[in-house]
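Asker: I am attaching a structure below and will ask some questions about it afterwards.
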Amino acid sequence: MTTETSEQHATTQAPVEKTNLLGLSREKMEAFCLSLGEKSFRAQQLLKWIHHHGVDDFDEMTNISKNFRAQLKECAEIRPPEVVTEKTSKDGTRKWAVKVTSGSLVETVLIPDGDRGTLCVSSQVGCSLDCSFCSTGKQGFQRDLTVAEIIGQVWLAIKSYDAFPSTNKKIITNVVMMGMGEPLLNFDNVVDAMSLMLDDFGYGISKRRVTLSTSGVVPALDRLGDVSSVSLAISLHAADDELRNQLVPINKRYPIAELLAACTRYWDKQSDTHRVTTVEYTLIAGVNDSPEQAHALARLLKDFPCKINLIPFNPFPLSDYERPSKRAVDRFWQVLSNSNIVTTVRSTRGDDIDAACGQLIGQVADRTKRSERHKANYNQVQAVNIIE
Ligand code: SAH
Ligand code: SF4
């Protein structure tokens, strides 16, 4: 029989991983403070330092005692994701490539528009849902982002403008979970990150200005209504199940009628009335952009409280789809407007830096062959590229 000495034991023990406070919701920060023997109000102080002042060094937290700061340094850290590239388009759109794991990037985009600034945030590395028109879907799924990596995208975007809430500068007025990944498939982390976006000790953004976009994971949408009250966007792209099955494969499990019913249940759970679902419809030439399809969409949504956002398809390598002509987009818009449905056309922003909707790729190391092909082709035109 062998006996392990305490020294032997000590040398084989892995270092204790520090808690990244950037990723703690208010509730979790309170629990963390209590676990260290501190009062729960310390959580508010920590949250304000991190999210209102953008502080990532405990020594700058002057209203926190030296003892507690020393304790925090032992077991905690404030570690934002690492920015690999930051690019600004000629139209003011800014895109960050953020390193999340060795070899993997996700992207975050800020679209300024007058006194409004919309930040498009990623929730996963890749996506498992494989929508036929989406660059992220072509990579396959790699992993969920952590809460710190999701809220960290807001943190670093604000930092790059030196505009944390304490400065009273308002660079980000809206957040949309429309970057890479399907947010409802990373449910707990997305919910915690969105709670920090809304929290007065976080970023204090109105629930109406934080939008979760989903391709239609119905059971998770039902759960979302129980814990969150953010705005809702659904990626519809077709008015009939046959076509939607081809474009958005998850439709085979949760067809259109079930998705629309889930949206209604979501709003029924909210206390305020008059909130409507945003219906996203990516227009693809010759696939779903005909006037007949516009009429079918108008009929489908006749009694469904919504506004429609038409997104002309943004091409990317290895995709056979094409962007519709301006005439086709106008025609489609006209049919819906004539049916009294509020309809907007999303303007393409950040085209010169590949920041347009559906063009985000980020990831550079993926194991699927398909993704390798995609990547090889993509890297010829994409400047976001890191070599490990
Ligand atoms: N997974 C979520 C959120 C990320 S995708 C969802 O699908 O809703 C955000 C939006 O970009 C979706 O409406 C999606 O349909 C759209 N999109 C994806 N690829 C696109 C492309 N190549 N051109 C235009 N829009 C695209
Ligand atoms: Fe995933 Fe959304 Fe892209 Fe579909 S459109 S593959 S759900 S990120």
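Asker: Applying the selection to the stretch 102-128, what residues are assigned to a loop (DSSP other than H, G, I, E, B) and in contact with an Asp or Glu (Cβ under 8 Å, 6 or more places away or on another chain)?
Answerer: Initial filter on the stretch 102-128 (assigned to a loop (DSSP other than H, G, I, E, B)): 102-103, 114-115, 121-123, 127-128.
SER102, GLY103, SER122, SER123, CYS127, SER128, listed by residue number.
Asker: If you don't mind, there's one more thing I want to ask. Can you tell me which of ARG244, ARG265, ARG299 is surrounded by fewer than 16 Cβ atoms within 10 Å (Cβ to Cβ), under 20 Å from PRO183 (Cβ atoms) and modelled with pLDDT of 95 or more? Please lay out each step first, then the result.
Answerer: On the way: ARG244 fails: surrounded by fewer than 16 Cβ atoms within 10 Å (Cβ to Cβ); ARG299 fails: under 20 Å from PRO183 (Cβ atoms).
Just a single option satisfies the conditions, and that option is ARG265.
Asker: Inside the stretch 161-177, can you point out the residues that are surrounded by fewer than 24 Cβ atoms within 10 Å (Cβ to Cβ) and either within 16 Å of ligand 1 (Cβ to nearest atom) or modelled with pLDDT of 95 or more (or both)?
Answerer: The initial filter retains those residues of the stretch 161-177 that are surrounded by fewer than 24 Cβ atoms within 10 Å (Cβ to Cβ), namely 161-174, 176.
Scanning the stretch 161-177 gives ILE172, THR173, ASN174, VAL176.
Asker: Specify the residue that is farthest from ligand 2 (Cβ to nearest atom); the eligible residues are those in the stretch 189-209 that are farther than 15 Å from THR108 by Cβ and touching a residue at least 40 places away in the same chain (Cβ under 8 Å).
Answerer: PHE201
Asker: When residues of the stretch 228-263 are filtered for being in contact with a Phe, Trp or Tyr (Cβ under 9 Å, 6 or more places away or on another chain), part of a strand (DSSP E or B) and either within 12 Å of ligand 2 (Cβ to nearest atom) or in contact (Cβ under 8 Å) with a residue 60 or more places away in the chain (or both), how many remain?
Answerer: Count: 1.
Asker: Any residue in the stretch 87-97 that is within 30 Å of PHE32 (Cα to Cα) and basic (Lys, Arg)? Break it down stepwise before answering.
Answerer: Pass one, the stretch 87-97, residues within 30 Å of PHE32 (Cα to Cα): none.
Looking for residues that are within 30 Å of PHE32 (Cα to Cα) and basic (Lys, Arg), one finds none in the stretch 87-97, hence no.
Asker: Okay, next question. Pairs needed: first member in the stretch 284-313, touching a residue at least 12 places away in the same chain (Cβ under 8 Å) and assigned to a loop (DSSP other than H, G, I, E, B); second member anywhere, of a type in the set (Phe, Trp, Tyr) and open to solvent by 40 Å² or more (accessible area, probe 1.4 Å); C-beta distance under 8 Å; at least 6 residues apart or different chains.
Answerer: ILE284/TYR321; ALA285/TYR321; VAL287/TYR321; PHE313/TYR321
Asker: Scan the stretch 19-56 residue by residue and report those that are out of contact with any Asp or Glu (no Cβ under 9 Å at 6 or more places or on another chain), under 23 Å from ILE172 (Cβ atoms) and surrounded by fewer than 17 Cβ atoms within 10 Å (Cβ to Cβ).
Answerer: none
Asker: Here is a follow-up. In the stretch 274-296, which residues are more than 16 Å from ligand 2 (Cβ to nearest atom), surrounded by fewer than 22 Cβ atoms within 10 Å (Cβ to Cβ) and of a type outside the set (Val, Ile, Thr)?
Answerer: HIS274, ARG275, ALA285, GLY286, SER290, PRO291, GLU292, GLN293, HIS295, ALA296
Asker: Within 24 Å of the chain's Cα centre (by Cα) and β-branched (Val, Ile, Thr), is that true of THR278? Talk me through it step by step, then tell me what you get.
Answerer: On the way: within 24 Å of the chain's Cα centre (by Cα): yes; β-branched (Val, Ile, Thr): yes.
Here the answer is yes, as THR278 does meet what is asked.
Asker: Another question, then. How many residues, within the stretch 51-99, are in contact (Cβ under 8 Å) with a residue 60 or more places away in the chain and over 30 Å from GLN139 (Cβ atoms)?
Answerer: Count: 4.
Asker: Taking the condition of being aromatic (Phe, Trp, Tyr), out of contact with any Cys (no Cβ under 9 Å at 6 or more places or on another chain) and within 16 Å of ligand 2 (Cβ to nearest atom), how many residues in the stretch 314-341 meet it?
Answerer: Quick first cut of the stretch 314-341, residues aromatic (Phe, Trp, Tyr) only: 316, 321, 332-333.
If we keep only those that are out of contact with any Cys (no Cβ under 9 Å at 6 or more places or on another chain) as well, we get 321, 332-333.
From what's left, within 16 Å of ligand 2 (Cβ to nearest atom): 321.
Selection size over the stretch 314-341: 1.
Asker: Any residue in the stretch 202-210 that is in a strand (DSSP E or B) and among the aliphatic types (A, V, I, L, M)?
Answerer: Yes: one or more hits.
Asker: Another question, if that's okay. Out of the stretch 160-186, which residues are assigned to a loop (DSSP other than H, G, I, E, B), within 16 Å of ligand 2 (Cβ to nearest atom) and aliphatic (A, V, I, L, M)? So that I can check it myself, show each step before the final result.
Answerer: So in the stretch 160-186, the residues assigned to a loop (DSSP other than H, G, I, E, B) come out as 161-164, 168-173, 178-182.
Those still in the list that are within 16 Å of ligand 2 (Cβ to nearest atom) too: 178-182.
Those that are assigned to a loop (DSSP other than H, G, I, E, B), within 16 Å of ligand 2 (Cβ to nearest atom) and aliphatic (A, V, I, L, M): MET178, MET180.
Asker: Still on this structure, I have one more. Restrict the check to the stretch 253-262 and report whether at least one residue is closer than 21 Å to PHE133 by Cβ, at pLDDT below 95 and buried (at least 17 other Cβ atoms within 10 Å of the Cβ).
Answerer: Scanning the stretch 253-262, I find no residue that is closer than 21 Å to PHE133 by Cβ, at pLDDT below 95 and buried (at least 17 other Cβ atoms within 10 Å of the Cβ), so the answer is no.
Asker: If you don't mind, another one. Here is a list: SER123, SER102. Which entry is within 16 Å of ligand 2 (Cβ to nearest atom), touching a residue at least 24 places away in the same chain (Cβ under 8 Å) and polar (S, T, N, Q)?
Answerer: Criteria check complete, one pass: SER123.
Asker: Report the residue count in the stretch 126-136 for those that are near ligand 2 (Cβ under 8 Å from one of its atoms), in contact with a helix residue (DSSP H, G or I) (Cβ under 9 Å, 6 or more places away or on another chain) and not aromatic (Phe, Trp, Tyr).
Answerer: 6
Asker: Of the conditions (1) of a type in the set (A, V, I, L, M); (2) surrounded by 13 or more Cβ atoms within 10 Å (Cβ to Cβ); (3) modelled with pLDDT of 95 or more, ILE353 fails just one. Which one is it?
Answerer: All conditions pass for ILE353, except number (3).
Asker: Considering only the stretch 129-159, state which residues are within 10 Å of ligand 1 (Cβ to nearest atom) and either surrounded by fewer than 24 Cβ atoms within 10 Å (Cβ to Cβ) or outside any helix (DSSP H, G or I) (or both). Can you show your working first?
Answerer: First, the residues of the stretch 129-159 that are within 10 Å of ligand 1 (Cβ to nearest atom): 129, 131-138.
Of everything in the stretch 129-159, those that are within 10 Å of ligand 1 (Cβ to nearest atom) and either surrounded by fewer than 24 Cβ atoms within 10 Å (Cβ to Cβ) or outside any helix (DSSP H, G or I) (or both) turn out to be LEU129, CYS131, SER132, PHE133, CYS134, SER135, THR136, GLY137.
The values are calculated or read from the model by the stated rules, or taken from the named source; none is laboratory data. Source: prediction; values computed, not measured. Here Cβ is always computed from backbone atoms with ideal geometry, including for glycine, and neighbour counts include all displayed protein chains. Side chains included, ligands, DNA and RNA excluded: accessible areas come from the protein's heavy atoms. Shrake-Rupley method; radii C 1.70, N 1.55, O 1.52, S 1.80 Å.
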